[in-house]
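Worksheet: the structure to be examined is printed underneath.
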Amino acid sequence: MKIVQVVPWLGYGDAIGNDVLAIDLSIKEKKFETKIYAEGIDARIQKGLAENVKNLEVQTEDIVILHLSAWAKSNDLVANLNCKKVMIYHNITPPVYFEYYDKKNAQQCASGLEQLKELKNSFDMVLAVSEYNRQNLLEMGYKCEINILPIIIPFNDYDKNPSTKVLKKFEDNYTNILFLGRIVPNKKHEDVIAAFDFYQKNYNPKSRLFLVGNPNGCENYAEQLKIYAKELGTKNVFFTGHTAFNEILAYYKLADLFLCQSEHEGFCVPLIEAMYFNLPILAYSSSAIPDTLNGSGFITKEKNPALTGALINKILTDEALKKTIIENQQERLLDFECKKIQSLFWKYMEKLIN
């Protein structure tokens with residue numbers, strides 16, 4: 001018996017790619033035969049770790065784990081295999097967020113959601129990375145066993161050396177607000193900018209905002225954000241674009257607060273990263289964000305730039321409040337220890353193996 005994984009695109013350094021590689025390592029540690037199969041493989045992935053999904057061959061006793069986050073030919077391919085099948089559901093962004101900025105992406109998201117509905121009777125088990133994702137599947141009519149399995153996050157990576165170039169450029173007495181995530185419409189960077197603008201103009205002119213992430217096909221959205229910040233007259237808003245991992249570490253080291261106004265997340269790994277770097281989190285309550293924070297951080301239930309800007313100031317100036325937020329986040333962070341998530345993974349796998 002072997003346990004293999006299938007993912008449409010095996011990326012280097014992204015959340016799903018890291019999850020796939022972490023599970024691959026865990027399977028190997030258990031001495032099972034394994035392999036990663038993908039339609040596309042990032043050139044930076046170690047050679048031999050993955051191969052084209054066209055080469056996938058299975059026996060009835062094998063287990064195939066499909067990572068689903070978008071429409072893909074490989075989703076149907078796995079669904080039609082004669083073996084034990086598990087889906088890890090990472091979520092698909094509602095197409096409405098892309099209709100104005102990226103019609104191709106909007107169509108792909110719509111197709112992905114339609115395909116997801118069609119696959120509701122194709123799997124022995126689904127592992128949703130959040131309760132929000134599990135509820136999505138139940139609403140679509142999934143009847144198989146659905147369990148929660150958070151993304152496996154390799155915390156050791158965050159202990160690597162940050163970019164000294166970035167640190168030297170910004171190490172001063174400015175207050176740094178950070179949001180990290182792809183520059184795509186569902187993440188609502190404009191709401192981050194608006195809240196920061198209110199904070200900067202009313203509380204702290206010696207402040208800056210780091211928006212760390214790639215546009216990934218939504219370059220026109222990124223340009224609109226820059227125009228918006230200019231029209232507001234907001235100063236010191238930095239769009240980093242493509243960012244190396246050591247630079248990401250530097251931005252986390254420099255930041256004083258993590259501000260998230262996203263309206264759709266299937267899990268949101270940067271929230272966990274912010275916890276790891278002891279950054280107080282101020283987030284808008286949407287999608288999987290309350291699941292991931294689970295009572296930690298500071299959550300608002302409305303979009304109000306004045307309120308959010310005032311809360312930024314409150315958290316950064318009230319040491320007792322900030323200390324409480326960080327302590328709660330540290331407690332929540334324990335739930336995401338690699339060994340805990342790996343043990344949970346094997347608890348579910350053993351059901352299928354037995």
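The values are calculated or read from the model by the stated rules, or taken from the named source; none is laboratory data. This one's a predicted model, so the numbers in the text were calculated from it and none came from an experiment. Using ideal geometry, Cβ is built from the backbone for each residue, glycine included, and neighbour counts are taken over all protein chains shown. Keep in mind that these areas ignore ligands, DNA and RNA; they rest on the heavy atoms of the full protein, side chains included. Shrake-Rupley method; radii C 1.70, N 1.55, O 1.52, S 1.80 Å.
Structure summary
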{"read-out": "Residue, modelled with the lowest pLDDT, within region 139-156, restricted to residues that are within 16 Å of the chain's Cα centre (by Cα) and under 26 Å from ILE248 (Cα atoms)", "value": "PRO154"}
{"read-out": "Residue match in region 71-79 (condition: polar (S, T, N, Q) and closer than 18 Å to ILE341 by Cβ)", "value": "no"}
{"read-out": "Residues located in region 88-110, provided they are aliphatic (A, V, I, L, M), within 19 Å of VAL126 (Cβ to Cβ) and either touching an Asp or Glu at 6+ places or on another chain (Cβ under 9 Å) or free of Cβ contacts under 8 Å to residues at least 24 places away in the same chain (or both)", "value": "ILE88"}
{"read-out": "Residue ID - nearest to LEU259 (Cα to Cα), chosen from residues in region 183-192 that are open to solvent by less than 10 Å² (accessible area, probe 1.4 Å) and either in a helix (DSSP H, G or I) or among the basic types (Lys, Arg) (or both)", "value": "VAL192"}
{"read-out": "Search result, residues across region 208-235 that are small (Gly, Ala, Ser), over 20 Å from GLU247 (Cβ atoms) and modelled with pLDDT of 95 or more", "value": "ALA229, GLY233"}
{"read-out": "Flag for LEU180 being under 28 Å from GLU302 (Cβ atoms), touching a His at 6+ places or on another chain (Cβ under 6 Å), buried (at least 20 other Cβ atoms within 10 Å of the Cβ) and hydrophobic (A, V, I, L, M, F, W, C)", "value": "no"}
{"read-out": "Unmet criterion (only one of (1) part of a helix (DSSP H, G or I); (2) within 30 Å of TYR89 (Cβ to Cβ)) for PHE267", "value": "(1)"}
{"read-out": "Selection status of PHE198, among the hydrophobic types (A, V, I, L, M, F, W, C), closer than 21 Å to THR308 by Cβ and buried (at least 20 other Cβ atoms within 10 Å of the Cβ)", "value": "yes"}
{"read-out": "Looking only at region 81-111, and only at residues there that are charged (D, E, K, R) and closer than 26 Å to ASN55 by Cα, the one that is least open to solvent (accessible area, probe 1.4 Å)", "value": "LYS85"}
{"read-out": "Flag for GLY141 being surrounded by fewer than 16 Cβ atoms within 10 Å (Cβ to Cβ) and on the phi > 0 side of the Ramachandran plot", "value": "yes"}
{"read-out": "Some residue of region 223-230 being open to solvent by 10 Å² or more (accessible area, probe 1.4 Å) and among the hydroxyl-bearing types (Ser, Thr, Tyr)", "value": "yes"}
{"read-out": "Of the criteria (1) assigned to a helix (DSSP H, G or I); (2) of a type in the set (A, V, I, L, M, F, W, C); (3) farther than 30 Å from GLU145 by Cβ; (4) open to solvent by less than 60 Å² (accessible area, probe 1.4 Å), which one ALA320 fails", "value": "(4)"}
{"read-out": "Subset of region 291-310 [part of a loop (DSSP other than H, G, I, E, B) and either within 15 Å of HIS189 (Cα to Cα) or of a type in the set (Phe, Trp, Tyr) (or both)]", "value": "LYS303, ASN304"}
{"read-out": "Meets criteria (modelled with pLDDT of 95 or more, open to solvent by 70 Å² or more (accessible area, probe 1.4 Å), part of a loop (DSSP other than H, G, I, E, B) and of a type outside the set (Ser, Thr, Tyr)) for GLU114", "value": "no"}
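This table checks each residue for (1) of a type in the set (Val, Ile, Thr); (2) in a loop (DSSP other than H, G, I, E, B).
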residue: ILE152; (1), (2): yes, yes
residue: LEU167; (1), (2): no, no
residue: ALA194; (1), (2): no, no
residue: ASN204; (1), (2): no, yes
residue: VAL212; (1), (2): yes, no
residue: GLY217; (1), (2): no, yes
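Yes/no matrix, rows are residues, columns are (1) surrounded by 15 or more Cβ atoms within 10 Å (Cβ to Cβ); (2) in contact (Cβ under 8 Å) with a residue 60 or more places away in the chain; (3) within 14 Å of HIS90 (Cβ to Cβ):
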residue: GLU118; (1), (2), (3): no, no, no
residue: ASN121; (1), (2), (3): no, no, no
residue: ASN136; (1), (2), (3): yes, no, yes
residue: LEU149; (1), (2), (3): yes, yes, yes
residue: ILE153; (1), (2), (3): yes, yes, yes
residue: SER163; (1), (2), (3): yes, yes, no
residue: VAL166; (1), (2), (3): yes, yes, no
residue: LYS169; (1), (2), (3): no, no, no
residue: ASP172; (1), (2), (3): no, no, no
